[in-house]
Amino acid sequence: MDWELVVSSFWPMLKGGLTGTIPLTLASFSIGLVIALVVALMRISSNPLVSWLARTYISVIRGTPLLVQLFVIFYGLPSIGVTISPWPSAIIAFSLNVGGYAAEVIRAAILSVPKGQWEAGYTIGMSRTQSLKRLILPQAARVSVPPLSNTFISLVKDSSLASLILVTEMFRVAQQISASTFEFMALYLQAAAIYWVFCLVLSIGQGRLERRLDRYVAK
């Protein structure tokens, strides 16, 4: 193993993670959460058509590989006259994927809130929308933190797939350096270690957030 190369390539790869992987993950996850909330509310809607549309979307997203979704958007859409550059393509694909998985998490969290909370809202004169916004969603948010945090951590790792559509993130940098030096094992292991550190830090943050939220739970 060429240790000198490993040391010299550490900063370019870390920089690729900080300026590529993390921003891509944050943008995709944020947009995906908005999509997930809308889809979750559609999923529990009393309107059969709206609920069916949400179920279909979730089924398609969860039933197809993320890599295929990414390729359809970046390589497939140009065949019908829609060309999207690498970064937006990656954000769209990852956001839609997060939306499909997180929607079920949010739906389950909403349904876990006791029905008495809805009735309490109605009793004090709140509408269904007000009850949802002020009573149900805040409680559902606490319940959904652990699974949504896991989704976020998984997205950090899945972001490496963006290198296949030429997005310059950490794994793309590792590929570029290894292609010129042929030190594939050393550099890919180094990339894996940096991903692991990212995920470890996020896991620690997740644990602290969960403990903080537990303070507001009646024992």
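What is the Cα centroid distance between the stretch 1-39 and the stretch 130-187, reported in whole angstrom? Comparing the Cα centres of the stretch 1-39 and the stretch 130-187, I get a distance of 7 Å. Ranked by the mean number of other Cβ atoms within 10 Å of their residues, highest first, the peptides 194-203, 156-165 fall in the order 156-165, 194-203.
Peptides 141-148, 25-32, 167-174 ordered by packing proxy, namely the average of other Cβ atoms within 10 Å per residue, highest first: 167-174, 25-32, 141-148. What the Cβ-Cβ distance of R128 and T56 gives, at R0 = 25 Å and to the nearest 0.05, is a FRET efficiency of 0.55. Here each label is just a point 7 Å from Cα along the line to Cβ, and for W3 and R212 those points are 4.0 nm apart. Other residues within the sphere of radius under 14 Å centred on the Cβ of G205, judged by their own Cβ, net out at +2 (K and R +1, D and E -1). Treating r as the C-beta distance of A179 and N150 and R0 as 22 Å, the FRET efficiency rounds to 0.10. What the Cβ-Cβ distance of I80 and L166 gives, at R0 = 22 Å and to the nearest 0.05, is a FRET efficiency of 0.60. The dipole here belongs to the chain: it is taken about the Cα centre, uses +1 on the Cβ of Lys and Arg and -1 on the Cβ of Asp and Glu, and is about 1120 debye.
Note on the chain: helix-only mean residue ellipticity at 222 nm, from DSSP H runs of 4+ residues weighted -39500 (n - 2.57) and normalised by residue number, equals -25000 deg cm²/dmol. Across the chain, how many lysine pairs, 8 or more positions apart or on different chains, have C-alpha atoms separated by under 28 Å? Please give the number. Close lysine pairs under the 28 Å cut-off: 4. Long hydrophobic helices in the chain: the complete DSSP H runs spanning 24 Å or more by Cα along their own axis with mean Kyte-Doolittle hydropathy of at least 0.0 are 22-43, 86-112, 137-158, 184-214. Report note on the peptides 110-116, 56-62: ranked by the mean count of other C-beta atoms within 10 Å, highest first, their order is 56-62, 110-116.
Every number here is computed from the coordinates shown, using simple stated rules; none is lab data. Computed from a prediction, not measured in an experiment: that's the story for all the values here. Ideal geometry is used to build each Cβ from the backbone, glycine not excepted, and the neighbour counts take in all protein chains shown.
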